[in-house]
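Only the coordinates and a few stated rules stand behind these numbers; no lab work does. Source: prediction; values computed, not measured. Cβ sites come from the backbone with ideal geometry, for glycine too, and all protein chains shown count toward neighbours.
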Amino acid sequence: MANHSFTAPSTGAIQLWSGTIIPTTRDAPTDAESPSHILLSRGGYVRKLGAGIYDYLPLATRVLRKISQIVRQEMDAAGSSELLLPALLPIELYAGTKRDLDYGDLLFKVTDRKQGIYALGPTHEEPITELAKAAITSYKQLPVSLYQIQTKFRDEARPRSGILRGREFIMKDAYSFHLDIEGPGGLNETYDKMFAAYTSIFNRCGLDFTAVEAEAGPIGGSASHEFMVNADSGEDTILKCPASNYAANVEKCEIGPRPAPSKGYFAGDPSGNLDEVHTPNCPGIEEVAKLTKVKPQNMLKSVLFSVRSSPEDLAKSGQEYILAVVRGDHDVNEGKVRQAAGVKSIELADPAKAAALGFAIGFISPRAAVGKKGVLLLVDRDAALGYDDAANKPRFWMTGADKKDYHAKQFNWQRDLGTDPLAATPHNPTTHPAGNLKATNNNLIVADVRNALAGDPSPRATGSTLITGRGIEVGHIFKLGTKYSDAMGMSILDDKQTKRSVIMGCYGIGVSRTMAASVEQNHDPDGIIWPTPIAPYHVIITTLSPSHMTVARDLATQLSTLGVDVLIDDRDERPGVKFKDADLIGIPIRLTIGDKALAEHAVEFKPRKSKDKPINVPLTQVVARTIETLST
Ligand code: ATP
Ligand code: MG
């Protein structure tokens, strides 16, 4: 389990509230959407200066420092060394790897007085490779792992939820360099160390999180993991198999074998004549469903991709376009489309070019692919049905009618494609529930090409089904392979004097996002409830009259000696205001000094997360009691 215990490496801080700025407010900002945005703003932690741009006030800075400290300790322990690269970077670096184009509008650019263009670093693969190229000249210097904690810039289309998705934010980014993938000193060894370091970091921050498999990129396999803080407000969908350790994000999640249709794929009589219906002003499936009263699960969604490939790859595969077909209530998964088609890179087809080929985007039916050279028809298992086994009757489908503003009811795979799509393919459909079914002429494949959903069969445990949850991505580790070293010419001679591309990994943590994610997970209606290891202060001493300051200072000094960080609320405010503010800013323990308790040589003791009324603890025992509570 997580180690949340309190450790005190040095003397704690003592801060008077009156000596700093903690501008608490009653009202949430008008654009506030999520609990962390509301509470960090109301608690005087952050203040908006522009869209996606925030001041970190003193309380927030202390939290960020504590998170960063944990990150540094674990990264150092994993053998990574800290450096600091510029945020202002010559654009040529990013142009060289074409990432200026890949990032597009996300990349912030500035112009200097000589009209030179610079990027504000969104992440630092290019500058670190540039540095490593110069500094690493012998294979004997590998492996090396380097990290920094730095401000990053991304011109997010929709900065939202305060510092959860900012345009300027703090990231820890690490990069490792290797000669090999496997074996001692290889990429896999460092990747595993980073996985362990990230697990320790997020445990030590007191977060409840899930490490999920993410899209792998060039190396394939389990080459990427995202660390997701479990929170209902999260933007990302996580899928988990309760029976195995498997967890993946929606882009990556595989689906276990789905039961094969009793009559085989595509088999079954038509449900009726193919009927065209006029569907004007219907931009999406939902509008079509409303107008035609056909449920989305009875529609086929056909999405056309063009294959981005080199002329050589194209000559090999012969594929220029892929028409992916899923059920109307399902979503096409691009990674699965790429994998099933065996191509590296795809993009949504250009509507004008598609139209010239006879594809009416928005109204495409599988028929449009028939007889077209270079077009692969890729059908998801749930869409490749001709018979409805559950209802025991022919499957009803509605598709586009291959012309603008028209749909077609009673589509039937065999009749309307003019042939049994798999007729020439020797297959026993009922015994092939897992593997892809490929037509012998290579122009049709039945495969898993949709996003996984709750209730789908687990890919790792027979009989178990997937469950879903929401998450906030706070960390991401990735085996890059030779993407940047090849693009930037970083190679090295090995012990046999053979020139080898250097193999890289990259590892990011959103430090400022982690602060917000912790609040998403740790709050109640009254405010934030910080986990002790990242709380800005461990103890707030609330005084109810100036005459209590001597006792307050004395207590604070005793606690500070033991490594406890203390905030003294010395303001001349009503007790109600002070208690409300203490709850709002979420310091783990509140000690209240008032005349009544003092008369009994005691102070009021209240842990923030306890629902119980404060109790009186004798002055002689309160320090021990505090340490004990912080340590559990
Ligand atoms: P997202 O999918 O949320 O946009 P990403 O996958 O593009 O993030 P990475 O490139 O993996 O982000 O960056 C590493 C880490 O930086 C992320 O795991 C996340 O914690 C953090 N991060 C990325 N973008 C932002 C942002 N706009 N604001 C705050 N933190 C961010
Ligand atoms: Mg990421």
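Observations, loosely collected:
- Eigen-decomposition of the gyration tensor built on the alpha-carbon atoms of the stretch 19-144 gives equivalent ellipsoid semi-axes of 35, 23, 12 angstrom, largest listed first.
- Cβ-derived FRET efficiency at R0 41 Å, A157 paired with D76, nearest 0.05: 0.70
- q = 0.12, 0.14, 0.22 Å⁻¹: log10 I(q)/I(0) that the Debye formula gives for the stretch 268-368, counting C-alpha atoms only: -0.48, -0.63, -1.24
- With a cut-off of 11 Å between beta carbons, the residues surrounding A247 carry a summed charge of +1, where Lys and Arg count +1 and Asp and Glu -1.
- For K403, the aspartates and glutamates whose Cα comes closer than 19 Å to its Cα, not counting residues fewer than 8 places off in the same chain, are D275, E276, E286, E287, D350, D416.
- The calculated pair-distance distribution of the stretch 323-363 uses every alpha carbon pair, bins of 5 angstrom beginning at 0, and gives 6, 19, 25, 21, 24, 5 percent.
- A crude spin-label estimate for the pair A28 and Q69, with each label 7 Å from Cα along the Cβ direction, gives 3.2 nm.
- Sequence of E347, E156 once ranked by neighbouring C-beta atoms within 10 Å, starting from the fewest: E347, E156
- With helices as the sole contributors, the chain gives -7000 deg cm²/dmol at 222 nm; each DSSP H run of n ≥ 4 counts as -39500 (n - 2.57), and the sum is divided by every residue.
- Dividing the Cα radius of gyration of the chain by 2.2 N^0.38 Å, with N the residue count, gives 1.16.
- Label-to-label distance, V577 versus A487, with points set 7 angstrom from Cα along the beta-carbon direction: 5.5 nm.
- Equivalent-ellipsoid semi-axes of the stretch 458-601, from the Cα gyration tensor, Å, largest first: 52, 23, 13
- Sparse-neighbour loop sites [GluC sites (Glu not before Pro); the stretch 506-614; at most 12 other C-beta within 10 Å; DSSP]: E600
- Length-normalised contact order of the chain in % [C-alpha pairs under 8 Å, at least 6 apart]: 20 percent
- All lysines inside 26 Å of K578 as judged from Cα atoms, apart from same-chain residues fewer than 8 positions distant: K48, K66, K596, K606, K609, K611, K613
- Per residue convex hull volume, Cα atoms of the stretch 219-273, in Å³: 212 Å³
- Order of T292, T498 under a 10 Å beta carbon neighbour criterion, fewest first: T498, T292
- Simple spin-label estimate for E276 and A134 in nanometres, 7 Å along Cα-Cβ: 6.6 nm
- The stretch 329-344 residues near the modelled K438 label - backbone nitrogen below 18 Å, point 7 Å along Cα→Cβ: 336-344
- Over the stretch 429-535 - Rg/Rh using Cα atoms and the Kirkwood inverse-distance radius: 1.17
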